[in-house]
1. Could you list, in sequence order, the residues of segment 102-136 that are closer than 14 Å to GLU88 by Cα and in contact with a Pro (Cβ under 8 Å, 6 or more places away or on another chain)?
2. Might you check whether a residue that is in contact with a helix residue (DSSP H, G or I) (Cβ under 8 Å, 6 or more places away or on another chain), closer than 30 Å to PRO96 by Cβ and surrounded by 13 or more Cβ atoms within 10 Å (Cβ to Cβ) occurs anywhere in segment 30-38?
3. State whether the residues of segment 79-91 include one that is part of a loop (DSSP other than H, G, I, E, B), at pLDDT 95 or above and surrounded by 14 or more Cβ atoms within 10 Å (Cβ to Cβ).
4. May I ask you to list the residues in segment 59-78 that are of a type in the set (Phe, Trp, Tyr) and surrounded by fewer than 17 Cβ atoms within 10 Å (Cβ to Cβ)?
5. For the structure I just gave you, tell me whether PHE80 is in contact with a helix residue (DSSP H, G or I) (Cβ under 9 Å, 6 or more places away or on another chain), touching a residue at least 24 places away in the same chain (Cβ under 8 Å) and among the hydrophobic types (A, V, I, L, M, F, W, C).
6. Restricting to segment 48-75, name every residue that is farther than 17 Å from HIS113 by Cβ and of a type in the set (D, E, K, R).
7. Take segment 1-52 and flag every residue that is in a loop (DSSP other than H, G, I, E, B), touching a residue at least 40 places away in the same chain (Cβ under 8 Å) and either within 20 Å of ASP126 (Cβ to Cβ) or of a type in the set (Ser, Thr, Tyr) (or both).
8. Output the residues belonging to segment 54-78 that are in contact with a Phe, Trp or Tyr (Cβ under 9 Å, 6 or more places away or on another chain) and part of a strand (DSSP E or B).
Amino acid sequence: MTRNVGPFDLETVRLVMDPRGRATPKRIGPDFYSELDAEFGGFAGHLLISTHEFTEPWGTWEMHPKGDEIVYLLFGDVDFVLWFAGTERAVRLGEPGSYVIVPQGTWHTARPHERSAMLFVTAGEDTRHGEAPEAV
């Protein structure tokens, strides 16, 4: 069996790692996130590897209840904001190659100081989004 090994572009094709470590490219489309759930068993035990570029603060907060998330700065300058015990804690990512570990169950958002891009390694099962952090 021959696999398509790439090259791929994370801007248009995300990467899904299954619990056994097998990598599957997944093209972004209008129903990308619902397709992830359907194609990968509710995304249980899977990791999503993606990149995103930002010029404005995120409009929402998010939280990943099933695992930590790694956020790696590719370029730019970003305050990555974590919600701990009712208080915001900003972690400045100002040097390419710096990263933050978002602990499992921690609400977070980002506020870029300039055009920035980050690489995300996300335990995405049951991810939640909200306008503000919610009690977990």
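1. Passing the criteria: TRP107, THR109, ALA110, ARG111.
2. Of segment 30-38, the ones in contact with a helix residue (DSSP H, G or I) (Cβ under 8 Å, 6 or more places away or on another chain) are 36-37.
Then drop every residue that is not closer than 30 Å to PRO96 by Cβ, which leaves 36.
From the residues that got through so far, the ones that are surrounded by 13 or more Cβ atoms within 10 Å (Cβ to Cβ) too are 36.
Yes, segment 30-38 has at least one match.
3. Just the residues of segment 79-91 that are part of a loop (DSSP other than H, G, I, E, B), to begin with: 85-86.
After this cut, where a residue has to be at pLDDT 95 or above as well, the list is none.
No.
4. TYR72, PHE75 - these are the residues of segment 59-78 that are of a type in the set (Phe, Trp, Tyr) and surrounded by fewer than 17 Cβ atoms within 10 Å (Cβ to Cβ).
5. So PHE80 does not fit the description; no.
6. GLU62, LYS66, ASP68, GLU69
7. Initially, segment 1-52 is screened for residues in a loop (DSSP other than H, G, I, E, B), giving 1-12, 18-22, 28-31, 40, 44-46.
Next cut, touching a residue at least 40 places away in the same chain (Cβ under 8 Å) only: 10-11, 44-46.
Hits for segment 1-52 are ALA44, GLY45, HIS46.
8. Taking segment 54-78 as the starting set, the residues that turn out to be in contact with a Phe, Trp or Tyr (Cβ under 9 Å, 6 or more places away or on another chain) are 61-63, 66, 69-73, 76, 78.
If the condition is that a residue be in contact with a Phe, Trp or Tyr (Cβ under 9 Å, 6 or more places away or on another chain) and part of a strand (DSSP E or B), then TRP61, GLU62, MET63, GLU69, ILE70, VAL71, TYR72, LEU73, VAL78 are the ones that fit.
The values are calculated or read from the model by the stated rules, or taken from the named source; none is laboratory data. Just so we're clear, the structure is a prediction, and the values are computed from it rather than from any experiment. Ideal geometry is used to build each Cβ from the backbone, glycine not excepted, and the neighbour counts take in all protein chains shown.
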